[in-house]
Amino acid sequence: MESPPRILVAKPGLDGHDRGAKVIARALRDAGMEVIYTGLHQTPEQIVHAAIQEDVDAIGMSILSGAHLTLFPRVLELLRERDAGDITVFGGGIIPDADVELLLEQGVAALFTPGTPIERVVSWVRERTAKVPA
């Protein structure tokens, strides 16, 4: 039997608002995925370390603090440095449209802003992390 996708949900930086991250984590879990929630105030280094240790398929980061142009690129950089660039990085939060485009160009796989239906996020994660039969 195929194992379910493993998703790390993280709240990097000083942002203390984790309601959205918890809602997404629960929705992914309810959809049959294994979810690891790191809790608040994680550094990019802690997020990448946990992702590698937990052998996740994807990292979902929620950023409401305005530090998205620093935190997403740093996580992507650390993943590449540790030969874990195959881990999909996606996220959500308060991110201006111009910054969304820039982050997508830098390698973030998807960004979901406020008002995105939860089902859309779950569907995207499911499709992106689908295991190819051996």
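Just for segment 41-55: of the residues that are in a loop (DSSP other than H, G, I, E, B) and touching a Pro at 6+ places or on another chain (Cβ under 9 Å), which one is surrounded by the most Cβ atoms within 10 Å (Cβ to Cβ)?
Among residues in segment 41-55 that are in a loop (DSSP other than H, G, I, E, B) and touching a Pro at 6+ places or on another chain (Cβ under 9 Å), the one surrounded by the most Cβ atoms within 10 Å (Cβ to Cβ) is 43.
Considering only segment 90-121, how many residues are part of a loop (DSSP other than H, G, I, E, B), open to solvent by less than 80 Å² (accessible area, probe 1.4 Å), touching a residue at least 12 places away in the same chain (Cβ under 8 Å) and within 22 Å of residue 16 (Cβ to Cβ)?
3
If you scan segment 17-40, which residues turn out to be modelled with pLDDT under 95 and not in a loop (DSSP other than H, G, I, E, B)?
Across segment 17-40, the qualifying residues are 19, 20.
Quick check on residue 58: is it modelled with pLDDT of 95 or more, within 23 Å of residue 14 (Cα to Cα) and open to solvent by less than 20 Å² (accessible area, probe 1.4 Å)?
Working: modelled with pLDDT of 95 or more: yes; within 23 Å of residue 14 (Cα to Cα): yes; open to solvent by less than 20 Å² (accessible area, probe 1.4 Å): yes.
Here the answer is yes, as residue 58 does meet what is asked.
Suppose we filter segment 78-89 for residues that are in contact (Cβ under 8 Å) with a residue 12 or more places away in the chain and either open to solvent by less than 70 Å² (accessible area, probe 1.4 Å) or within 16 Å of the chain's Cα centre (by Cα) (or both); how many remain?
Matching residues across segment 78-89 total 6.
When you go through 112, 72 one by one, which is the residue that is aromatic (Phe, Trp, Tyr) and closer than 20 Å to residue 28 by Cα?
Every option except 112 fails the conditions.
Answer yes or no: is there a residue in segment 38-59 that is in contact (Cβ under 8 Å) with a residue 12 or more places away in the chain and in contact with a His (Cβ under 8 Å, 6 or more places away or on another chain).
Looking for residues that are in contact (Cβ under 8 Å) with a residue 12 or more places away in the chain and in contact with a His (Cβ under 8 Å, 6 or more places away or on another chain), one finds none in segment 38-59, hence no.
Pull out all pairs, ordered by first then second residue, where Cβ-Cβ is under 7 Å, the residues are six or more apart or on different chains, the first lies in segment 64-77 and is closer than 12 Å to residue 103 by Cβ and in a helix (DSSP H, G or I), and the second is open to solvent by less than 40 Å² (accessible area, probe 1.4 Å) and of a type in the set (D, E, K, R).
Cβ pairs passing all conditions: 68/99; 69/99.
The values are calculated or read from the model by the stated rules, or taken from the named source; none is laboratory data. These numbers were taken from a predicted model, which means no experiment stands behind them. With ideal geometry, Cβ positions are generated from the backbone for all residues, glycine too; neighbour counts draw on all protein chains shown. Remember, those area values only see protein heavy atoms, side chains included, never the ligands or the DNA or RNA. Shrake-Rupley method; radii C 1.70, N 1.55, O 1.52, S 1.80 Å.
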